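Below is one structure; the comments refer to it alone.
A short reminder: the numbers here are calculations on the coordinates, not readings from a lab. Worth saying up front: this structure is predicted, and the values here are computed from it rather than measured. Neighbour counts are summed over all protein chains in view; Cβ atoms, including those assigned to glycine, are modelled from backbone coordinates with ideal geometry.
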Amino acid sequence: MPTVFQWKGHRFFFYSNEGNPREPVHIHVRRGDAAAKFWLNPPHVADSYGFSASDLRQLVAVVEEHREDIERAWHEHFG
């Protein structure tokens with residue numbers, strides 16, 4: 001599970017096995033027992049549990065802010 005970055009106790013990462021065929025570029029976020037998955041194009045919530053609506057809005061903004069870093073890390077890892 002490569003970690004792309006951390007932000008205020010949230011870990012932004014992806015799984016090394018992202019399905020076959022591989023899903024489009026996305027990022028997972030975990031903090032404690034809460035987890036979410038965000039699509040990047042455009043940035044929005046794909047799935048979540050344990051985060052409030054306010055948390056998710058803030059996380060979407062963080063994903064949008066770091067979108068280029070996430071895409072770069074994805075392509076470096078998966079080739």
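Side notes on the structure shown:
- Acute angle (nearest 10 degrees) that the helix 53-65 long axis makes with the longest principal axis of the chain, alpha-carbon atoms: 40
- The Cα-based radius of gyration of the chain, divided by its Kirkwood radius, gives an Rg/Rh of 0.93.
- In a reduced charge model with +1 at each Lys and Arg Cβ and -1 at each Asp and Glu Cβ, the chain shows a dipole moment near 200 debye about its Cα centre.
- Counting Lys and Arg as +1 and Asp and Glu as -1 over every other residue whose Cβ lies under 15 Å from the Cβ of His75, the net charge comes to -3.
- Placing unit charges on the Cβ atoms of the charged side chains and taking the dipole of the stretch 3-78 about its Cα centre, the candidate lying farthest along the positive direction among Val63, Leu40, Trp74 is Val63.
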